[in-house]
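Okay, structure first, notes after.
The values are calculated or read from the model by the stated rules, or taken from the named source; none is laboratory data. Small disclaimer: the values here were computed from a predicted structure and weren't measured. Using ideal geometry, Cβ is built from the backbone for each residue, glycine included, and neighbour counts are taken over all protein chains shown. Keep in mind that these areas ignore ligands, DNA and RNA; they rest on the heavy atoms of the full protein, side chains included. Shrake-Rupley method; radii C 1.70, N 1.55, O 1.52, S 1.80 Å.
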Amino acid sequence: MMKEMLKRILPGDAVERLSAVRQAFKRARIISPSGTINPGEAKKTFLMAVGPAFDQSRPDAMMVCRLGYCRAFEKLGIPYILVDIRDLAATAQQVPSPFVMYFGGDLGFLPKSDVPFLSTIPSSVWVYPWFEASDSFFQNHGMKPEIWTLSDKVVNTVLALKPCIGFTATVPSGLNFFRRWEQSGVPMYSFPLACDTSLYSPSGEPLPQFDDVDLAFVGGYWQSKGVQIDEYLRQFEDQLKVYGYSQWPYRGYSGLLDAELEPALYRQAKVCPVINEPTVKLMKGQINERVFKVFGSGGCAISDDVPAYRELYTEDELLVSRNPVHFSKLVRDLLNDRDMNIAYRERGLAATLSRHTYIHRAMEMLSVMGLTNEVLGDSNTK
């Protein structure tokens, strides 16, 4: 309540400064710092550095995808530790041969005194766009440059860490938005989000509460995302079942869904729309995780007008609509044509399991970091 009141009475930049100060005093909320393999039981240790915005009890995209990487490395026989970025240097000195993943948005909280030591540890950094005239580009498209780019201080921290690679969840055609990183000596790679196969599976008992769901959507709702959501989903409001940690202005909103029930909802719903923020099309695709979850659960996905999906799935694997009218037609086809629906479920699942799991991403990351033999030499994929 206090935060909303401050937003109404203070200028936007003042609110952002106060938020940054508040974050500086927070700690990452880590409930389960490691998995089933105890750190120290293997020759290598994966450290996932997280900042004060990380909350393991809140299933937002940045928390869920980072846990996806952690579980993937564990399936490769590598123990992981979630660690507050301010404790990273101390933790790295206590575990066997660590390698680190950073998120650029957290690096403002890394103590400067820790950087020289951490620069000796192999790392990857999830970076923000950085390209020529980027501020003008974002301003011309009604986007705040300070949200979409890292500060000079953080950029210098990234460079001082000497990471093996920088990466983004943007598809390969969008790597031009990261060209300045390459020019500054940080090799850039595309690692789209993926399916966490430890959570999402096509097998499982059906749940009676999902028996009659036509359309299902699990996720947050906020202003910028709501523009696209409303264009595509408002027309189906009476058929749509919605779950999420933020309140939706839809009649079908049913609150927060327990994570263990999510795969069953995706399997049993006739259709699961995949809707992105408008910036995803503009920036060539930082595709959200939903399509991978839906297909990985055996569900039937259909996307909004984001051509970048074609870099991940073929026309036979995923239906990509051209606009809200075309989306409506395709949804009705999937609702009414059982054979068509099953075909897209099966082909989407096969494509996801063969190309788009976090294990695929983790193995590719190890390869481009030059760590495959060193890390997996004595490990077996589970």
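Note on segment 42-57: among residues that are under 15 Å from residue 97 (Cα atoms) and of a type in the set (D, E, K, R), the one that is nearest to the chain's Cα centre (by Cα) is 44.
Of the residues examined, residue 307 is one that is within 30 Å of residue 360 (Cα to Cα) and in contact (Cβ under 8 Å) with a residue 12 or more places away in the chain.
Flag set for residue 276, criterion: under 30 Å from residue 138 (Cα atoms), open to solvent by less than 30 Å² (accessible area, probe 1.4 Å) and among the polar types (S, T, N, Q). Here residue 91 fulfils each of the conditions (1) assigned to a helix (DSSP H, G or I); (2) over 23 Å from residue 30 (Cα atoms); (3) polar (S, T, N, Q) apart from (2).
Can residue 89 be described as at pLDDT below 95, of a type outside the set (D, E, K, R) and either open to solvent by 10 Å² or more (accessible area, probe 1.4 Å) or under 20 Å from residue 122 (Cα atoms) (or both)? So residue 89 does not fit the description; no. Going through (1) open to solvent by 60 Å² or more (accessible area, probe 1.4 Å); (2) of a type in the set (Asp, Glu); (3) free of Cβ contacts under 8 Å to residues at least 60 places away in the same chain one by one, residue 106 falls short only on (1). Can we say residue 82 is within 22 Å of the chain's Cα centre (by Cα) and part of a strand (DSSP E or B)? Against the criterion (within 22 Å of the chain's Cα centre (by Cα) and part of a strand (DSSP E or B)), residue 82 qualifies. Apart from one condition, residue 153 fits all of (1) in a loop (DSSP other than H, G, I, E, B); (2) surrounded by fewer than 18 Cβ atoms within 10 Å (Cβ to Cβ); the exception is (1).
Among residues of segment 179-199 that are more than 30 Å from residue 349 (Cα to Cα) and open to solvent by less than 40 Å² (accessible area, probe 1.4 Å), those with a beta-carbon under 6 Å from a residue that is of a type in the set (Gly, Ala, Ser) and not in a helix (DSSP H, G or I) at least six positions away or on a different chain give the pairs 181/166; 186/166. Applying the set (1) open to solvent by 20 Å² or more (accessible area, probe 1.4 Å); (2) of a type outside the set (Asp, Glu); (3) without any contact (Cβ under 8 Å) to a residue 60 or more places away in the chain to residue 210 leaves exactly one unmet item: (1). Looking at segment 337-368, which of the residues that are touching an Asp or Glu at 6+ places or on another chain (Cβ under 7 Å) and of a type in the set (A, V, I, L, M) is most open to solvent (accessible area, probe 1.4 Å)? Looking at residues that are touching an Asp or Glu at 6+ places or on another chain (Cβ under 7 Å) and of a type in the set (A, V, I, L, M), I get 340.
Summed over segment 311-336, residues that are more than 24 Å from residue 190 (Cβ to Cβ) and either among the hydroxyl-bearing types (Ser, Thr, Tyr) or open to solvent by less than 70 Å² (accessible area, probe 1.4 Å) (or both) total 10.
Only one entry in 259, 269 is open to solvent by 60 Å² or more (accessible area, probe 1.4 Å) and either of a type in the set (A, V, I, L, M) or free of Cβ contacts under 8 Å to residues at least 60 places away in the same chain (or both), namely 259. For residue 67, are the conditions met, namely being under 21 Å from residue 259 (Cα atoms) and assigned to a strand (DSSP E or B)? Answer is no for this residue.
Just to be sure, is residue 256 farther than 26 Å from residue 197 by Cα and among the aliphatic types (A, V, I, L, M)? The answer is no for residue 256.
Return the residues of segment 158-174 that are under 17 Å from the mean Cα position of the chain (by Cα) and open to solvent by 40 Å² or more (accessible area, probe 1.4 Å); say none if nothing qualifies. Matches in segment 158-174: 172 only.
Scanning segment 303-326 for residues that are out of contact with any strand residue (DSSP E or B) (no Cβ under 8 Å at 6 or more places or on another chain), more than 20 Å from residue 357 (Cβ to Cβ) and hydrophobic (A, V, I, L, M, F, W, C) yields one hit, 325. Of all the residues in segment 265-324, those that are touching a Ser or Thr at 6+ places or on another chain (Cβ under 8 Å) and basic (Lys, Arg) number 2.
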